[in-house]
Amino acid sequence: MTGNPALRRLGLLTPALATIALLIGLPLILLIWISLLQKGGSSGVDWNAAPSLGNYIRLAWEEDFDGTMILNTSYLVILLRSVLQAALTTGLSLLFGLPVALWMAGLSRGQRDLMLLLITIPFWTNLLVRNYAWLIILREDGWLAQAVGSVSPIGPIPLLYNDLAVAIGLTYSFLPFMILPLYTVFEKFDWRLLEAAHDLGASRSRALRRVLIPIAMPGIAAGSLLVFIPCLGAFVTPALLGGGKTLMLGNIIQMQFGASRNWPFGAALAVVLLALMLIVMVAMAIWRNRRVR
Amino acid sequence: MTDSSAVSIRSVSKGFGRGTAAVRVLENVSVEIGQREFFTLLGPSGCGKTTLLRLIAGFETADQGSISIDGQDVTQAPPFRRPVNTVFQNYALFPHMTVEQNVGFALVEQQMPADRIRARVGEALEMVRMQSFARRRPAELSGGQQQRVALARALAPRPRVLLLDEPLSALDLKLRKEMQIELKLLQAEAGITFLFVTHDQEEALTLSDRVAVMQGGRILQMGPPRDIYEAPTHRFVADFIGDINLIEAEALPDNAVRLPGGTQMSLPHKARGRITLAIRPERARILAPEAGQLQAQVIHTAYLGTALVHKLALADGGTFLLRQSDLDGPQPAIGSQVGLGLPAEALRVLAQ
């Protein structure tokens, strides 16, 4: 190649840039482009349609038979439910993940490695299989439902096909994403800082609140992001454990690309989901920058 | 409560582990530390000094015995209910807080109003001359500065007793010397009891009102630095603190001893049979051959600026160190035979 260092650098960067442009940039542009088109014949997209924002307007308004636009909240409700479901899952993951990560950090080297292995093992299993496993546990004749029914004063409680079942399934699937970043923070944590806090008059809970949690905050933020964002777009778990009754954004998108054959509307929904994730990430970044200052 | 001890430790024992793996770290330790005293626990690593400090701070609980601070029994009290604060070996400053917030940590826990916290933090930082660093974070400070912040943080809540766990060990020699002086001045200014833990005998002697020398979970000897240095009662204490010559001798009746080589001298003692005598290098005198209590040959002489240190070979094969501070006096040639004068008042009879 030439001796020009700027040109040389560009040459070395080309494979990376080409990969990003081809595999991330191009599909993204395609997605946005399709979201501006209309539903077509057998292919799902009418490539000759004039671009418009019609699909985005459809998210919140629909045309009445006399031509006036009236508010249609059904998609907004699903959007809100997706956000709440993802938030609930994130909360549950934090609730279960925090003690596990804390406990793991206190183990010996060998025990830690074993725990890390055990936590990653579920990843080796297909997501669908794991969700079917929960289906068997939670259904009416499953052992958990039976056990809950035998101790519950109001008789059997339906565990399957509701928001709780979806939350359980999502939490189970994404818990490792919460545990691992928390564990990396706690592993580096200097436990003598807690002694110092006790020494300066802080009780156990005060020391956790003023020292451990603030120092663990980057891990909590990273873990929450890693759980919240994929949860927003999840569709396997809500479809299986929610029984199709409690739809999330991911299910609607899947339906538009599948059964409804309405790619442009599906694409518009996907762009909205993407924008939502972007907002969460930017908000998180701004908040973290403020903290560091 | 001014007449009670600042810290009172009575028959405290502590062990770690269970069954065959159990280790006794402290064996029946008792200490009374006075108000405004600078008290030092001195000993090699693993002697139990840090464990004793942690028992007083409340990080460990005693298996037996009791601990009281200012006359109040705190044996079972958690660390956050004890009127003591600790300066940790690694400082343990909170990395996510500024210097100011670190120093004010305990005051916030006491729910002090914000303006009083600000005033008290300012005072504490002024005491350690760190006012201009109030807004910095610990990571932006040097080791010596972190040390000062740790001191200010522990002093800000005005504890009855300040516990210092080898606080100077991470500093380089020059800074350590400076901080030693500052610690001493700080103690006078704050007017509180300092309990200092170190393995550095020189530091212990320089700083302390009283020193307790520990080994194997026991206090071997306790007293003012001068007593510890000049009148060690145990072979371990004598050996651990400064240079010392140990002479195996035989106790004779009527307060007499027989030295190697057969010389007899009178020396008050209550021992029988074989005993160990100790003498500091600066307390022995070089005399003419055949004079004095021991005969030796000069092997080596080192010039230390303020003194000469002679290494001598004794007739029975042992070596003897002798420190000559009179640099202008007669100096024995290497290889020459000399006599050693051992004044009876400088010789100590040691317990094993």
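The distance between label points at B:R18 and B:K177 comes to 5.2 nm (points 7 Å beyond Cα on the Cα→Cβ vector).
Projecting label points 7 angstrom from Cα along Cα→Cβ for B:V108 and A:T68 puts them 5.7 nm apart.
Over the Cα atoms of the protein assembly as shown, Rg to Rh with Kirkwood Rh, two decimal places?
Working: Rg = 37.9 Å, Rh = 32.0 Å.
We get a ratio of 1.18 for the protein assembly as shown.
Remark: spin-label model distance B:E140-A:A49 equals 5.6 nm, labels positioned 7 Å along the Cα→Cβ axis. Any aspartates and glutamates with Cα under 14 Å of the B:K14 Cα? List them, leaving off those in the same chain fewer than 8 positions away. Excluding near neighbours in sequence, the set is B:E27, B:E60, B:D63.
About the centre of its Cα atoms, the protein assembly as shown shows a dipole size close to 800 debye [charges on the beta carbon of Lys, Arg (+1) and Asp, Glu (-1) only; nearest 20 debye].
Can you tell me the FRET efficiency between A:M284 and A:W124 if r is taken as the Cβ-Cβ distance and R0 is 25 Å, rounded to the nearest 0.05? It comes out at approximately 0.25. Exposure check, 1.4 Å probe, all protein chains in place: A:Y132 carries approximately 110 Å² of accessible surface.
Gap in Å between the Cα centre of segment A:100-165 and the Cα centre of segment B:118-189? Centre-to-centre (Cα) distance: 51 Å.
For segment A:231-293 and segment A:1-54, compute the distance between their C-alpha centroids and round to whole Å. Centre-to-centre distance over Cα atoms comes out at 21 Å. Accessible surface calculations at 1.4 Å, restricted to protein heavy atoms, place the protein assembly as shown at 51 Å² per residue.
Counting each pair of different Cα atoms once, what's the Kirkwood radius of chain A in Å, rounded to one decimal?
Averaging 1/r across every pair of different Cα atoms and inverting gives 22.8 Å.
Taking B:H199, B:H234, B:H300 as the candidate residues, the one with maximal mean-square fluctuation in a Gaussian network model of chain B, Cα springs under 10 Å, is B:H300. With all protein chains in place and ligands, DNA and RNA left out, the 1.4 Å accessible area ranks B:I181, B:I33 as B:I181, B:I33, largest first. A Förster radius of 41 Å combined with the Cβ-Cβ distance from A:A133 to B:S169 puts the calculated FRET efficiency at roughly 0.15.
Summed over both chains, the area buried between B and A is near 1800 Å², taken from the accessible surface of protein heavy atoms with a 1.4 Å probe. Rounded to the nearest 500, the helix-only mean residue ellipticity at 222 nm of chain A stands at -22000 deg cm²/dmol, with each DSSP H run of n ≥ 4 adding -39,500 (n - 2.57). Quote the FRET efficiency, to the nearest 0.05, computed for B:S45 versus B:L327 with a Förster distance R0 of 41 Å and r equal to the Cβ-Cβ distance. Calculated transfer efficiency: 0.65. Averaging Cα coordinates gives a centre for segment B:237-253 and one for segment B:271-335; these two points are 14 Å apart.
Would you mind calculating the gained length between A:A60 and A:A147 on full extension (0.36 nm times residue separation, minus the Cα-Cα distance), in nm to one decimal?
Values: separation 87, 0.36 × 87 = 31.32 nm, distance 4.35 nm.
Computed gain between A:A60 and A:A147 is 27.0 nm.
GNM on chain B, alpha-carbon springs under 10 angstrom: the most fluctuating residue among B:A156, B:A271, B:A284 is B:A271. For segment A:137-154, 3J(HN,Hα) computed residue by residue from phi via the Karplus equation (6.51, -1.76, 1.60; θ = phi - 60°) reads 5, 8, 5, 3, 9, x, 5, 5, 4, 4, 5, 4, x, 6, 9, 6, x, 9 Hz, glycine and proline entered as x.
If the chain linking A:L107 and A:L30 were pulled fully straight, counting 0.36 nm for each residue of separation and taking away their Cα-Cα distance, it would gain 22.8 nm. Considering only B:L195, B:V213, B:M179, and ranking their Cα positions along the charge dipole of segment B:174-220 that arises from unit charges at the beta-carbon of Lys, Arg, Asp and Glu, the one farthest toward the positive end is B:V213. In segment A:5-61, Cα pairs under 8 Å separated by at least six residues give a relative contact order of 21 percent. What the phi angles of segment B:24-29 give under the Karplus curve with 6.51, -1.76 and 1.60, with θ = phi - 60°, is a coupling list of 8, 9, 10, 10, 6, 8 Hz, glycine and proline written as x. Per residue, the convex hull around the alpha carbon atoms of segment B:252-350 comes to 96 Å³.
Evaluated with a Cβ-only charge set (Lys, Arg +1; Asp, Glu -1), segment B:252-350 carries a dipole of roughly 420 debye about its Cα centre, given to the nearest 20.
With 40 Å² as the minimum drop in accessible area between chain alone and full protein complex (1.4 Å probe), the qualifying residues in segment B:65-94 are B:F80, B:F88, B:N90, B:F94.
In whole percent, and with a 1.4 Å probe on the protein chains, what portion of the accessible area of segment A:5-61 is carbon and sulfur? Intermediate values should be presented prior to the final figure.
On the way: 3050 of 4030 Å².
The computed percentage sits at 76.
How far, in nm, would the chain grow between B:I334 and B:E126 when pulled straight, counting 0.36 nm per residue and subtracting the alpha carbon separation? List each step's numbers first, then the result.
Values: separation 208, 0.36 × 208 = 74.88 nm, distance 5.59 nm.
Going from the current span to full extension adds 69.3 nm.
Taking chain A as a Gaussian network of alpha-carbon nodes connected by springs under 10 Å, the highest mean-square fluctuation of the residues A:V211, A:V100, A:V271 belongs to A:V211. From the largest down, segment A:152-210 spans 50, 30, 13 angstrom on the principal axes of its Cα atoms. Taking the Cα centre of segment B:164-288 as the origin and placing charges on Cβ (Lys, Arg +1; Asp, Glu -1), which of B:Y229, B:T263, B:P281 is farthest toward the positive end of the dipole? My answer, from the dipole projection, is B:T263.
Tell me what chain B gives for mean residue ellipticity at 222 nm when only DSSP H runs of n ≥ 4 count, each as -39,500 (n - 2.57), the sum divided by the residue total, rounded to 500 deg cm²/dmol. Spell out each step's value before the answer.
Values: 8 runs with 84 residues, N = 352.
Calculated at 222 nm, the ellipticity per residue is -7000 deg cm²/dmol.
The values are calculated or read from the model by the stated rules, or taken from the named source; none is laboratory data. Computed from a prediction, not measured in an experiment: that's the story for all the values here. Reconstructed Cβ throughout: ideal geometry from the backbone, glycine too, with neighbour counts over all protein chains shown. Remember, those area values only see protein heavy atoms, side chains included, never the ligands or the DNA or RNA. Shrake-Rupley method; radii C 1.70, N 1.55, O 1.52, S 1.80 Å.
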